[in-house]
There are 2 protein chains.
Amino acid sequence: MSSPRAPIGIFDSGAGGLTVLKAVARRMPAEDLIYFGDTANLPYGSKSPRAVRRASAAVARFLAGKGIKALVVACNTSSAVALSDIRRAVAPIPVLGVIEPGARAAAKVACGGPVGVVATSATVASGAYPRAVKMRAPRARVISVACPLFVPLVEEGLWSGPLARGAAARYLPRFKRERVKTLILGCTHYPLLKSVIGRFLDRGTRLIDSGEETALELEALLIRRGLRRAARARGRRRFYVSDDPERFSLLARRFLGRGVGRAVLHACE
Amino acid sequence: MSSPRAPIGIFDSGAGGLTVLKAVARRMPAEDLIYFGDTANLPYGSKSPRAVRRASAAVARFLAGKGIKALVVACNTSSAVALSDIRRAVAPIPVLGVIEPGARAAAKVACGGPVGVVATSATVASGAYPRAVKMRAPRARVISVACPLFVPLVEEGLWSGPLARGAAARYLPRFKRERVKTLILGCTHYPLLKSVIGRFLDRGTRLIDSGEETALELEALLIRRGLRRAARARGRRRFYVSDDPERFSLLARRFLGRGVGRAVLHACE
């Protein structure tokens, strides 16, 4: 059985999941966190479901070997196509994806109005968000738009300025036309474009950050299972990547606004 | 020993190398071509040299097994960091990268003026183009700029319009300031942005397409070795990928302006 002192595992194909780590650390600063960026297989968003499933299960097994008490799949593509494979790989450790929490929050605040989703091509193609929203609000209309330029813009640090605004103007007009007032940011990179996205859309449009919602749900899960750590000290954070620790450290500084030291290189195969 | 009837192998991490295939097919329509897109490991441009070397050697061995008479490494990152590993893996089959031919052509036309290079972050970080240019023109000044948004723009089919112009305006001003009149397109995706790039720069700037130069050099190599195919019929083209044949076919249509049928899925490990 797990103990409250065990760490929480969080993984993504790269640095994007750090927005989820940040949300988790903000809510539960005492928890120890182990992050894995599967940078050797990055990006999951342009790979086949089969390839994503294989890579995700390998990372999940590695983290399970570190004695984690819960696993957060901080990658929308992986949450969309590989969640049941991951659950099988690490049972009985509880596994949380980012899609369910985001969809649940959106269904709640949309109150019957249309729900928008912005995500990578792979996540949109999977249909996972519309499915998850409709589980809660069967009559909801869900409008999804793939935004392939958003990730490279974020990774270049272009969170504002003409190129970011140009990309918003390319991808988002449909949401205005269809009077979408609830938009799910269905990729862990996108919270960094929140202000550009928000400024383009109508005032009062609610942006749902799947990472924030996942942190909330994770906390509830830990409390329910008696696994929430009560310590007052700040928890340890450890970082692993499957390739190129230098590039990861650079991106981590951008994503977290501070350095993470050197990530440990580890191949999951 | 190889025969003139043997096919030519061409590989890239994805669909970008199709611009090289196109150039080769235009110069030598009778040749049989086998293309490999290592889409399971795409993009090489953000991976470590070690990872790129391993993946490249595996693909090269696969193509060598198909009885090719020559191998074109139609990927700048791989040409920059893995060429000697690839040569070792498939010896004695002759191997041509895209960097040497591009650098040679640039050194020739620049006549002592500065040479510009646009490429992915990995290719720029490798320093391969400056090194190759200086081999021919030791006193040449080489100015390199990484353009991470160009590949996703091309893959989205955004070869013109405000976003492509915006990206050009972000990356290219330095070449204007420094009066660069010879610019190497150091990534196989970039020829598709030729007109946007050309329009941004001063009139009379020469854009060197590494793929075109590689096709020229390949032809010379085959003639020298008595391996040029003399047939009049159009050669066969076969396409392999290591992941997601559907996405590859879509991109191939964009890159070649026509369909390539279904690519065969094959994992190189």
Any hit, the range A:29-40, residues being more than 14 Å from every other protein chain (Cβ to nearest Cβ), open to solvent by less than 10 Å² (accessible area, probe 1.4 Å) and among the aromatic types (Phe, Trp, Tyr)
yes
Residue in the range B:106-124 that is farthest from the chain's Cα centre (by Cα), counting only those that are farther than 21 Å from B:Lys47 by Cβ and in contact (Cβ under 8 Å) with a residue 40 or more places away in the chain:
B:Gly113
Suppose the filter is farther than 22 Å from B:Tyr35 by Cβ and among the acidic types (Asp, Glu); does B:Asp209 pass it?
no
Could you tell me whether the range A:143-160 includes any residue that is among the polar types (S, T, N, Q) and under 20 Å from A:Glu100 (Cα atoms)?
yes
Counted residues, the range B:1-22 - those being surrounded by fewer than 24 Cβ atoms within 10 Å (Cβ to Cβ), of a type in the set (A, V, I, L, M) and under 19 Å from B:His189 (Cα atoms)
0
When A:Glu217 is run through (1) among the charged types (D, E, K, R); (2) within 24 Å of A:Lys108 (Cα to Cα); (3) not assigned by TED's automatic domain parsing to the domain that holds A:Val73, the failure sits at (3)
Yes/no for A:Lys47 being among the basic types (Lys, Arg), modelled with pLDDT of 95 or more and either within 28 Å of B:Glu246 (Cα to Cα) or open to solvent by less than 10 Å² (accessible area, probe 1.4 Å) (or both)
no
Across (1) more than 19 Å from the chain's Cα centre (by Cα); (2) surrounded by fewer than 20 Cβ atoms within 10 Å (Cβ to Cβ); (3) without any contact (Cβ under 8 Å) to a residue 40 or more places away in the chain, A:Tyr171 clears everything bar (3)
Take A:Leu207 and decide whether it is farther than 19 Å from A:Tyr44 by Cβ and within 14 Å of chain B (Cβ to nearest Cβ).
no
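For every residue, the table says whether it meets (1) of a type in the set (Ser, Thr, Tyr); (2) in contact (Cβ under 8 Å) with a residue 60 or more places away in the chain; (3) on the phi > 0 side of the Ramachandran plot.
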site: B:Ile93; (1), (2), (3): no, yes, no
site: B:Ser126; (1), (2), (3): yes, yes, no
site: B:Pro138; (1), (2), (3): no, no, no
site: B:Val151; (1), (2), (3): no, yes, no
site: B:Glu156; (1), (2), (3): no, no, no
Of those in the range B:41-83 that are more than 19 Å from B:Ala23 (Cβ to Cβ) and charged (D, E, K, R), the residue farthest from the other protein chains (Cβ to nearest Cβ) is B:Lys66
Within the range B:55-85, how many residues are open to solvent by less than 10 Å² (accessible area, probe 1.4 Å), small (Gly, Ala, Ser) and farther than 25 Å from A:Asn41 by Cβ?
1
Yes or no: the range B:135-158 includes at least one residue that is within 27 Å of A:Arg247 (Cα to Cα) and among the basic types (Lys, Arg).
no
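The values are calculated or read from the model by the stated rules, or taken from the named source; none is laboratory data. Predicted, not measured: the structure shown is a model, and the values here were computed from it. Ideal geometry is used to build each Cβ from the backbone, glycine not excepted, and the neighbour counts take in all protein chains shown. Protein only, heavy atoms only, side chains kept; ligands, DNA and RNA dropped before computing areas. Shrake-Rupley method; radii C 1.70, N 1.55, O 1.52, S 1.80 Å.
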